[in-house]
Amino acid sequence: MTATVSAPRRAGRPSGGVRRGEAVAGWAFTAPVLVILGIFLLVPVLMALWVSFSDWSGRGSPFSGNVNFVGLDNYAAITAEGGLPTRDFGTALRNNAWYVLLVVPLQTALSLFLAVLVNRAVLRGRGLFRTAFYFPSVTSSVAITVLWLFLFSASGAVNQILGAVGIAGPNWFNDPSGVVHNALGAVGVTDGPAALTGSGFLGLTWWDWLSGPSVAMSAFILMAVFTTSGTFMLLFIAALQNLGGDVDEAAMMDGANAWQRFWRVTLPQLRPTLFTVLTLGLIGCWQVFDQIYTGTQGGPGKTTLTPAYLSYSAAFLDQDWGQGAAIAFILFAIIVILTIFQRWVLRDRPVSKRRARQYELPQKKKEVAR
Amino acid sequence: MTRSGIRRLIAVGALTATGALILAGCGSGSGFSDPGASEGSGDLTSSDDGLKILIGSSGDAETDAVNAAVAAWSEESGVEATVSTASDLPQELSQGFAAGSPPDLFYLAPEALAGYAENGSVKAYGDLLGNKDDFYPSLVKNFTYDDQFYCAPKDFSTLQLVINKGIWDAAGLTDADIPTTWDDLASVAQTLTADGRVGLAFGAEYQRVGAFMAQAGGGLVSDDGTEAVANSSENVEALDYVKTNLAQGDFAFASDVGAGWGGEAFGKGLAAMTIEGNWITGAMSSDYPDVDYVVAELPAGPSGQGTLQFTNCWGMAADSPNQKAALDLVEYLTSSEQVLSFSQAFGPMPPVQSAAEEWKSENPTLAAFLTAADYAKSVPTNDGIASVITDFNSQLESLKTGDPQKLLDTAQSNVEAVVG
């Protein structure tokens, strides 16, 4: 918005002439959006920031005289004091970290795979497949959650299918045990080493942090992959269709097989889309709320508690508005930091010398040798 | 300054002014008003304003009954009143209080009372009620915070033992076998555990398991609510008893037999007995009308009979402009005739002693629920106890394999943080 106004100035053009009045027009056109964003986004966010530093109890204005500044008390309660709020926050972070760790790579890989499949010109009825894969994304998350509760109930369809192949399925949404712990338990490890159980972070021992997502959370992870892959598949299809065929053909002429063409030619060209998908995935996964609210409310055993839901329940149900706001801002910081980190990982890098050497022509090498 | 610079300045100025005006409008409006200054219990506000009533309804039967009662009162008193049902009561209440425009009267759960009383959102009007002495003393205690009786109980329920008559008779048991001690309960549960069904199923939560703690003489907080007693030897004994039977397979948590709550496990025949409150009668008649059942008092534990009671009250907003009319409406809604008609319409028990005899004669098969009013214990109401109970519940889910003492020690440290 500002760029359109200041660009001509930076270019050093004299003001007036045919461009006169553009700045005012620019501001006039953007003003409604700026005002709306300011009132409905910026001001509430700043108010919430104030609440997170205050002892506002949820009655009347947070700016009235009897609301006091309490500094970092709310942040300390959920991160440093070691009581129930700290343990709840640690548990929520643990659950959500596992969720992100599994959902983001899985949904990205699956959506890319689906996109490559349905992008093929030779595939018959690919319109049908695209619609079928995309369909879960347009269904309301509440409806999907209810469906999932049915599918994954103790005697639900999933367990019946598992039963048909001789596996006794778990009682999905009522099983609080962590899958990593379960896997370790299967090989006889039921208690962590003292190094892990002795100390910890945010009220949980390291052994607890490493428990893995609970069986209940795993069902949510499957659901997230199922519902979001379609959306991201669409992004990947759009990107794939924008790629010129010539680069691919050139690689083919050079003798690259399909596998090499995908990894060395197609995928690097998809990097901007990959960045979009990963960023959207990261943000969406850290904000998971609807499924928890409609599905399990954090149970069983708090293993599906997420910071977003904890923030809601701390504020609205326990009247700890400051702590709720503090959780929201810590979550905000986590998302921003991870997005920046991810941007750094995916940045455009010059080709390394070692990699460049692989592509050098043989005669050039000789020249250098001479 | 160049001409375009000046124009820019004007544009920015206009924008800022517009924004500031809109923001100012937002600030001075009714969006956020300061709470009133006077909080004493004697001075009720009075005005011509109509009353807004917010309820968390269990279904159409309850909504219709409350609507009809409020309409009748409106007719009589000439004060307008509208009832709305909340889909998420705690959230809608919190929004109302934060915005300074709460409903005048609303359902209020005891565990939410302390939070709202602490921030001055609710009015302590209990002592002004004309029928104050008619309420069961244990219910009055439930809604007393900081020595002030805040709000009138609207109804209540207790937990009792619900027995499937068909399975009971088929197992060769008679009325004489109805358990009166923990040992009896364990042995009939064992007898009834057969054919892929457990003897007794109940929810994995303090709100059910707590009945055993009460029978052992324990609880999360001391009777006066000032001391944490969660890891007492009585509680350990209670959890040990439950754990032993869970491990033997005679007891089970509802979730472990694939049911959402005890009533579902019972109705589907996954369990021969369950521990539930009188709300189960509604679920049985609507979802499982073919199941014949009897309600018996829970057996006595080492310290005698014990159970838990649940209740809600009619909360009144401190910001309500017409508290006099609201008080009048509460007295009307808690009158003996009115609570009995509520009871007929949607099943809860009257909170007033004057209605007890009539209720018992109308519901002879459910009398055990009301008898328990004499010894039932309340769920603790300290500020912040709700999240402690949620945490305790999450630990109880693994009671079958867990260590009761360790579990209660965790609860103890959590309770200590909110008590006193």
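The values are calculated or read from the model by the stated rules, or taken from the named source; none is laboratory data. Please read these numbers as outputs of a predicted model, since none were measured by experiment. Neighbour counts are summed over all protein chains in view; Cβ atoms, including those assigned to glycine, are modelled from backbone coordinates with ideal geometry. Areas reflect the complete protein model, heavy atoms only, side chains present, ligands, DNA and RNA absent. Shrake-Rupley method; radii C 1.70, N 1.55, O 1.52, S 1.80 Å.
In this structure, is B:SER398 within 14 Å of chain A (Cβ to nearest Cβ) and surrounded by fewer than 18 Cβ atoms within 10 Å (Cβ to Cβ)? Don't jump to the end; show me each part of the working.
Numbers: within 14 Å of chain A (Cβ to nearest Cβ): yes; surrounded by fewer than 18 Cβ atoms within 10 Å (Cβ to Cβ): yes.
It is true that B:SER398 is within 14 Å of chain A (Cβ to nearest Cβ) and surrounded by fewer than 18 Cβ atoms within 10 Å (Cβ to Cβ).
Scanning the range A:268-313 for residues that are over 30 Å from A:ARG94 (Cβ atoms) and either in contact (Cβ under 8 Å) with a residue 12 or more places away in the chain or acidic (Asp, Glu) (or both) yields A:GLN269, A:LEU270, A:ARG271, A:PRO272, A:THR273. Right, B:THR371: within 14 Å of chain A (Cβ to nearest Cβ), in contact (Cβ under 8 Å) with a residue 60 or more places away in the chain, open to solvent by 20 Å² or more (accessible area, probe 1.4 Å) and closer than 30 Å to B:ASP240 by Cβ or not? When the stated conditions are applied, B:THR371 does not pass them. For the range A:10-25, the set of residues classified as in a helix (DSSP H, G or I) and either more than 8 Å from chain B (Cβ to nearest Cβ) or modelled with pLDDT of 95 or more (or both) consists of A:ARG10, A:GLY17, A:VAL18, A:ARG19, A:GLU22, A:ALA25, listed by residue number. Filtering the range A:56-76 down to residues that are at pLDDT 90 or above and in contact with a helix residue (DSSP H, G or I) (Cβ under 6 Å, 6 or more places away or on another chain), which residue is farthest from A:ALA315 (Cα to Cα)? Per the stated criteria, the residue is A:TYR75. Inspection of the range B:313-333 finds no residue satisfying the criterion of being polar (S, T, N, Q) and closer than 23 Å to B:GLY282 by Cα. Pairs meeting the criteria (first residue in the range B:395-417 and assigned to a helix (DSSP H, G or I), second residue of a type in the set (Asp, Glu), beta carbons under 7 Å, at least 6 apart or on different chains) are B:LEU396/B:GLU205; B:PRO404/B:ASP240; B:ASN414/B:ASP391. Against the test of being at the interface with chain B (Cβ under 10 Å from one of its Cβ atoms), open to solvent by less than 30 Å² (accessible area, probe 1.4 Å) and part of a loop (DSSP other than H, G, I, E, B), the options A:GLY65, A:GLY38, A:GLY60, A:GLY82 yield a single qualifying residue, A:GLY60. Candidates A:LEU112, A:LEU101, A:LEU117: the one that is modelled with pLDDT of 90 or more, surrounded by fewer than 20 Cβ atoms within 10 Å (Cβ to Cβ) and part of a helix (DSSP H, G or I) is A:LEU101.
Does A:PHE173 satisfy the condition of being in a helix (DSSP H, G or I), away from every other protein chain (no Cβ under 14 Å) and either open to solvent by 50 Å² or more (accessible area, probe 1.4 Å) or in contact (Cβ under 8 Å) with a residue 12 or more places away in the chain (or both)? Spelling it out, it is not the case that A:PHE173 is in a helix (DSSP H, G or I), away from every other protein chain (no Cβ under 14 Å) and either open to solvent by 50 Å² or more (accessible area, probe 1.4 Å) or in contact (Cβ under 8 Å) with a residue 12 or more places away in the chain (or both).
Just one of the listed residues (A:VAL70, A:VAL122, A:VAL100) is touching a residue at least 24 places away in the same chain (Cβ under 8 Å), over 20 Å from A:VAL288 (Cα atoms) and more than 14 Å from chain B (Cβ to nearest Cβ), namely A:VAL70.
Taken over the range B:162-203, the residue count meeting the criterion of being part of a strand (DSSP E or B) and among the charged types (D, E, K, R) is 1.
From the list A:GLY203, A:GLY245, the one residue that fits, being free of Cβ contacts under 8 Å to residues at least 60 places away in the same chain and open to solvent by less than 70 Å² (accessible area, probe 1.4 Å), is A:GLY245.
The condition of being open to solvent by less than 20 Å² (accessible area, probe 1.4 Å) and either over 29 Å from the mean Cα position of the chain (by Cα) or facing another protein chain (nearest Cβ under 8 Å) (or both) does not hold for A:SER52. Within the range A:297-313, being within 11 Å of chain B (Cβ to nearest Cβ) and of a type in the set (Val, Ile, Thr) holds for A:THR303, A:THR304.
Considering the range A:356-366 alone, what residues qualify as being open to solvent by 100 Å² or more (accessible area, probe 1.4 Å) and modelled with pLDDT of 70 or more? Quick ask: steps written out before the conclusion?
From the range A:356-366, those open to solvent by 100 Å² or more (accessible area, probe 1.4 Å) are A:357-359, A:361, A:363-366; that's our starting set.
Of everything in the range A:356-366, those that are open to solvent by 100 Å² or more (accessible area, probe 1.4 Å) and modelled with pLDDT of 70 or more turn out to be A:ARG357, A:GLN358.
Entry remark, the range A:287-314: residues being closer than 19 Å to A:ALA80 by Cα and in a helix (DSSP H, G or I) number 4 in total. How about the range B:376-391: which of its residues are outside any loop (DSSP other than H, G, I, E, B) and away from chain A (no Cβ under 14 Å)? Listed by number, the residues that qualify are B:LYS377, B:SER378. In summary, B:ALA283 fulfils each of the numbered conditions (1) within 14 Å of chain A (Cβ to nearest Cβ); (2) open to solvent by less than 30 Å² (accessible area, probe 1.4 Å); (3) in a helix (DSSP H, G or I) with the single exception of condition (1). Could you please let me know if B:GLN248 is of a type outside the set (Gly, Ala, Ser), open to solvent by 10 Å² or more (accessible area, probe 1.4 Å) and within 23 Å of B:LYS141 (Cα to Cα)? Spelling it out, it is not the case that B:GLN248 is of a type outside the set (Gly, Ala, Ser), open to solvent by 10 Å² or more (accessible area, probe 1.4 Å) and within 23 Å of B:LYS141 (Cα to Cα). Residues of the range B:289-317 that are among the aliphatic types (A, V, I, L, M) and surrounded by fewer than 23 Cβ atoms within 10 Å (Cβ to Cβ): B:VAL291, B:VAL294, B:VAL295, B:ALA296, B:ALA300.
Can you spot a residue in the range A:321-337 that is assigned to a helix (DSSP H, G or I) and over 18 Å from A:TYR75 (Cβ atoms)?
no
Does B:THR45 satisfy being within 30 Å of A:GLY58 (Cβ to Cβ), in contact with a strand residue (DSSP E or B) (Cβ under 8 Å, 6 or more places away or on another chain) and modelled with pLDDT of 85 or more? No: the conditions fail for B:THR45. Among the conditions (1) farther than 27 Å from B:THR281 by Cα; (2) open to solvent by 50 Å² or more (accessible area, probe 1.4 Å); (3) of a type in the set (A, V, I, L, M), B:ALA176 misses just one, which is (1). Looking across the range B:241-263, the residues that are in a strand (DSSP E or B) and more than 9 Å from every other protein chain (Cβ to nearest Cβ) come down to B:PHE251, B:ALA252.
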